[in-house]
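What follows is a set of notes on a single structure, which appears directly below.
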Amino acid sequence: DSLQRGVEAILDLKQTIAREPNLTDGRWTPKQLSLLKERMPTLVSWQKHAVLGSLVESIDQELRLERGRAGSAATMREKAMGKMHGLQGLVDAAGKEITRELTQGQVVVLHFWDYKDQPLVEPYGQVGYVDFLYRRHKDAGARVYGVAVDPRWADASARRSVSIAAQKLVNFMNLTYPILFDDGAMLKQLGDPRVAGNRLPLFVVIDRSGRVVEYHSGHYEVHRDRGLEELDQIVKKALDKTE
């Protein structure tokens with residue numbers, strides 16, 4: 001009957017989309033969004049069904065919300081891309097500032113995320129893949145910095161707690177790239193994706209000349225054998241480019 005067909009269609013959609021069970025940032029990949037849009041006309045035919053109506057409506061609402069988030073993220077990306085950035089404002093746990101002069105002639109990857117040991121939920125901001133990328137390209141001139149975004153960093157008395165939480169995560173994940181700290185000011189300069197309803201992480205790549213060549217909010221699609229292939233290719237292209 002119609003109810004059974006509707007349930008089967010929704011279950012088939014769920015299986016086809018195959019969202020990661022522990023992905024909690026509410027983001028959908030372009031491929032998943034494309035599948036949702038493709039299947040929605042069929043699902044809408046069951047929208048008035050007493051049992052399936054609310055479920056179909058929630059799927060449609062999520063699709064509309066994601067379209068809005070994607071549009072806002074695209075606007076932020078457009079504003080950030082191509083701008084010169086000097087890195088002023090980012091400091092390590094000892095308070096030493098990282099400036100463009102210290103990374104002159106290098107490709108810099110900034111990974112803005114919480115960097116806290118609690119709560120610790122997969123996919124951990126994809127830090128394991130970020131570390132793999134760092135180890136792969138560091139000898140070629142790539143520098144990767146994890147940026148712990150925490151408003152408490154503005155309070156000198158709270159900085160030790162922020163630093164300890166970040167170090168616990170570093171130890172847990174065996175990260176080899178350095179961690180810097182931002183109270184939110186640097187993120188605001190680049191374009192805080194949370195303003196548009198998105199969540200961290202935010203990936204920013206700055207080329208050898210100091211120009212932003214990548215702004216990506218949310219997680220990248222993961223390739224089992226190649227990691228964050230999209231980001232990897234952007235970094236490699238920046239490294240290969242001669243000024």
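Residue order by solvent-accessible surface for F172, F203, F132 is F172, F132, F203, largest first, with ligands and nucleic acids left out and a 1.4 Å probe. Computed from point charges on the beta carbon alone (+1 for Lys and Arg, -1 for Asp and Glu), the dipole magnitude for segment 94-243 about its Cα centre is near 220 Debye.
For the residue pairs K168/K237; K168/K241; K116/K241; K96/K188; K79/K236; K37/K236, alpha carbon separations beyond 28 Å are given by K168/K237; K168/K241; K116/K241; K37/K236. Share of carbon and sulfur in the accessible area of segment 126-219 stands at 48%, probe radius 1.4 Å. Only protein heavy atoms count here; under a 1.4 Å probe, E78 has an accessible surface of about 140 Å².
The values are calculated or read from the model by the stated rules, or taken from the named source; none is laboratory data. Just so you know, these numbers come straight off a predicted model, no measurement behind them. Cβ atoms come from the backbone with ideal geometry, glycine included; neighbour counts cover every protein chain shown. When the accessible area is computed, the model is the full protein with side chains, heavy atoms only, and any ligands, DNA or RNA have been set aside. Shrake-Rupley method; radii C 1.70, N 1.55, O 1.52, S 1.80 Å.
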